[in-house]
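The values are calculated or read from the model by the stated rules, or taken from the named source; none is laboratory data. A quick note: this is a predicted structure, and the numbers were derived from the prediction, not measured. A quick note on method: Cβ atoms are made from the backbone with ideal geometry, for glycine too, and the neighbour counts reach across all protein chains shown. Ligands, DNA and RNA are stripped out before the accessible areas are found, and what is left, the full protein with its side chains, is counted by its heavy atoms. Shrake-Rupley method; radii C 1.70, N 1.55, O 1.52, S 1.80 Å.
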Amino acid sequence: MPVMQLAALYRYPLKSGKAESLASARLDALGLVGDRRWMLVEEGSGRFLTQRLLPQMSQLSALWNAAGGLTLSAPGHDSLDVPLPDADGNLRGVTVWRDSLRVPDAGDAAAEWLSAFIGRACRLVQVPESRARQVDTGYAQPGDKVAFADGFPLLLIGQASLDDLSARVGRPLEMLRFRPNLVVQGSAAFAEDGWKRIRIGALEFEVAKGCSRCVLTTIDPQTGERSADREPLTTLKTYRERDGEVYFGQNLLPRGVGELQVGMPVEVLA
């Protein structure tokens, strides 16, 4: 039986922005340190903005730095350093799906830079751990928190699951279409569907629920263009649909803090 291991680590400092591929990452109560702690919102309503509405966000790079700030860059634009805002200053009301919260605004310079890039008035906001959202208690414990990710701190996908889907679609698919944090190698296709608890290195995780997929998976992460044939969503619907939702990958809850490194062994505990 092949040994399972952590094959890749990805962080997305800005929700719906470009991924950072990492060799190692620190894990805190909200997932990977620096992961989806920043978000774009509509200037007036505070509603969150993603590639679902603005596929050009796939070309927006927001590199996280050790001080917690960002460096923004995009084609045709000079880069901009954005410092970490005061956790309790310049608060703005925002919404992420059904959650409403008040979080620090990153200031006018970032807002003007980003508004020029995406072509609509927006603000950049950041979430400190003290202001993070409660994860749905239907799948998590009171006190489990998430930053600006859709619903859970971490997303895991098995490499074999992507290989299976690519074979069915008839062309290689990029893992980053599905925006995982953790990629596991050495498991059977969709083995992760049956996992309840796993260990990576010395750290344990609960497998909360499958991840339902949307039109964002049809956006090429390299070009920002939507596929005309709506792949891979079209193929996923033929064998991964349940109760009107299409599932690919598993949402995780961390049960501890520490360091993750690519190459660490992955063990199924339950």
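Out of Val246, Val184, Val266, I need the residue that is without any contact (Cβ under 8 Å) to a residue 60 or more places away in the chain, in contact with a strand residue (DSSP E or B) (Cβ under 8 Å, 6 or more places away or on another chain) and part of a strand (DSSP E or B). Which one?
Going through Val246, Val184, Val266 in turn, just one is without any contact (Cβ under 8 Å) to a residue 60 or more places away in the chain, in contact with a strand residue (DSSP E or B) (Cβ under 8 Å, 6 or more places away or on another chain) and part of a strand (DSSP E or B): Val246.
Quick test of your reading of the structure: Ala110 fulfils all but one of (1) more than 23 Å from Leu155 (Cβ to Cβ); (2) open to solvent by 10 Å² or more (accessible area, probe 1.4 Å); (3) touching a strand residue (DSSP E or B) at 6+ places or on another chain (Cβ under 8 Å); (4) small (Gly, Ala, Ser). Name the failing condition by number.
(2)
Here is a list: Asp243, Asp220. Which entry is on the phi > 0 side of the Ramachandran plot, open to solvent by 20 Å² or more (accessible area, probe 1.4 Å) and at pLDDT below 95?
Step by step, each of Asp243, Asp220 is checked, and only Asp243 is on the phi > 0 side of the Ramachandran plot, open to solvent by 20 Å² or more (accessible area, probe 1.4 Å) and at pLDDT below 95.
So if I check each of Arg177, Arg197, which one is basic (Lys, Arg) and open to solvent by 40 Å² or more (accessible area, probe 1.4 Å)?
After ruling out the rest, the residue left standing is Arg197.
Looking at Gly210, is it surrounded by fewer than 19 Cβ atoms within 10 Å (Cβ to Cβ), assigned to a loop (DSSP other than H, G, I, E, B) and assigned by the TED database to the domain that holds Phe152?
no
Got at least one residue in the range 98-108 being of a type in the set (Ser, Thr, Tyr), within 27 Å of Gly210 (Cα to Cα) and not assigned by the TED database to the domain that holds Ser212?
yes
Just to verify a result, which residue in the range 83-107, among those that are within 17 Å of Ser45 (Cα to Cα) and small (Gly, Ala, Ser), is surrounded by the most Cβ atoms within 10 Å (Cβ to Cβ)?
Ala106
With respect to Ala62, is the statement that it is farther than 26 Å from Arg230 by Cα, in contact (Cβ under 8 Å) with a residue 24 or more places away in the chain and not assigned by the TED database to the domain that holds Cys122 true?
It is false that Ala62 is farther than 26 Å from Arg230 by Cα, in contact (Cβ under 8 Å) with a residue 24 or more places away in the chain and not assigned by the TED database to the domain that holds Cys122.
Pairs needed: first member in the range 109-122, farther than 17 Å from Arg52 by Cα; second member anywhere, among the β-branched types (Val, Ile, Thr); C-beta distance under 8 Å; at least 6 residues apart or different chains.
Ala109/Val82; Ala110/Val82
Consider Ala29 carefully, then state whether it is within 20 Å of the chain's Cα centre (by Cα) and open to solvent by 40 Å² or more (accessible area, probe 1.4 Å).
So Ala29 passes the test.
Which residues, taken from the range 14-44, are under 19 Å from Arg92 (Cα atoms) and in contact with a strand residue (DSSP E or B) (Cβ under 8 Å, 6 or more places away or on another chain)?
Leu14, Lys15, Arg36, Arg37, Trp38, Met39, Leu40, Val41, Glu42, Glu43
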